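Participant: Before I ask anything, let me first share the structure, which is written out below as structure tokens.
The values are calculated or read from the model by the stated rules, or taken from the named source; none is laboratory data. Remember, predicted model here, so these are calculated numbers, not experimental data. Don't worry about glycine lacking a Cβ; one is built from the backbone with ideal geometry, like all the others, and counts go over all protein chains shown.
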Amino acid sequence: MNKRIQIIALVLVMLSAITACLPGKSTTIVNKTDNLTQKIKYSGKIVFTLDKTAIEHISDGGYLEFEENGEGFTASSDSHGKVAYEFNNDGKVNELNEGQKQFLAHAVNIIVKEQQKLKPGNNQ
């Protein structure tokens, strides 16, 4: 009986270890028209600011990628829990210049609208 409990415990530990190693769920949204190509890809929990113009927080291991007509950025959480950005593969930054802030606000606005479309019961 005691050996059976040990085996069950070992199996449960192994299953939880395997589950912890599985990659997280990600979402990808692609919009294409004649003059516009947008790609949004994200994983983890992304929290936007109340005014929906910036990213307040990204969960550990999470990320957000946004691209529009060849211009884009990737955002993730750095080792200190602060959001780090990389615009057009040009190196990571924590402080954004005015143009980057405007592009980020534009992207967040689009992402929020696209997420609304994904909600159950929304027939857009």
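Participant: Quick check on this structure: which one of Ile110, Ile40, Ile55 is closer than 18 Å to Lys25 by Cα and within 15 Å of the chain's Cα centre (by Cα)?
Facilitator: When all the criteria are applied, what remains is Ile40.
Participant: Let me confirm something: among Gln100, Gln115, which residue is polar (S, T, N, Q), under 15 Å from the mean Cα position of the chain (by Cα) and not in a strand (DSSP E or B)?
Facilitator: Every option except Gln115 fails the conditions.
Participant: Residue under question is Thr49, and the condition is that it be touching a strand residue (DSSP E or B) at 6+ places or on another chain (Cβ under 6 Å) and over 22 Å from Lys25 (Cα atoms); does it hold?
Facilitator: yes
Participant: Sort through Lys32, Lys101, Lys39, Lys92 and tell me the only one that's charged (D, E, K, R) and modelled with pLDDT under 90.
Facilitator: Lys92
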